[in-house]
Amino acid sequence: MNLYTPIVGLLAIAAGFMAFAILLSKVIGPRRKNKAKYDAYECGIEPTPQPQDGGRIPVKYYITAMLYIVFDIEIVFLYPWAVSYQQMGVFALVEMVLFIVTVFVAYLYVFRRGGLNWD
């Protein structure tokens, strides 16, 4: 239990600082409420009115985000492999080639289906 005492102490200090900051902002913060304060801020541009049901967002945004996540995860797997390549040998090389081929096939599929076109 002695190993966790500094961690618990640090968490207690962080929680105390958080509570103090919230309390201090409530005590000395401005209390004026107006419509402009609660409006969405869009880099100085007047916000456009949104439909009542929330509107529709094009699917291409989600597809782009998913592609980014897939290729980002591939990079996360490549870094440790590259660092410890000497110790792992041929088996790791074959496994990484299979992994990269699988991701490349997925990339070609998305490319042929027009998932990377932004029109």
Do we have residue 71 as open to solvent by 100 Å² or more (accessible area, probe 1.4 Å), of a type in the set (Phe, Trp, Tyr) and modelled with pLDDT of 75 or more here?
no
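Specify which of the listed residues (22, 100) is touching a Leu at 6+ places or on another chain (Cβ under 9 Å) and at pLDDT 85 or above.
On the way: 22 fails: touching a Leu at 6+ places or on another chain (Cβ under 9 Å).
Matching residue, one of 22, 100: 100.
Could you check region 75-99 and list, in sequence order, the residues that are open to solvent by less than 80 Å² (accessible area, probe 1.4 Å) and of a type in the set (S, T, N, Q)? Don't jump to the end; show me each part of the working.
Step one: filter region 75-99 for residues open to solvent by less than 80 Å² (accessible area, probe 1.4 Å), giving 75, 78, 80-82, 84, 89, 92-94, 96-97, 99.
Scanning region 75-99 gives a single hit, 84.
The values are calculated or read from the model by the stated rules, or taken from the named source; none is laboratory data. Not measured: the values here are computed from a predicted model. Ideal geometry is used to build each Cβ from the backbone, glycine not excepted, and the neighbour counts take in all protein chains shown. Note: accessible area is taken over every heavy atom of the protein model, side chains too, but ligands, DNA and RNA are not part of it. Shrake-Rupley method; radii C 1.70, N 1.55, O 1.52, S 1.80 Å.
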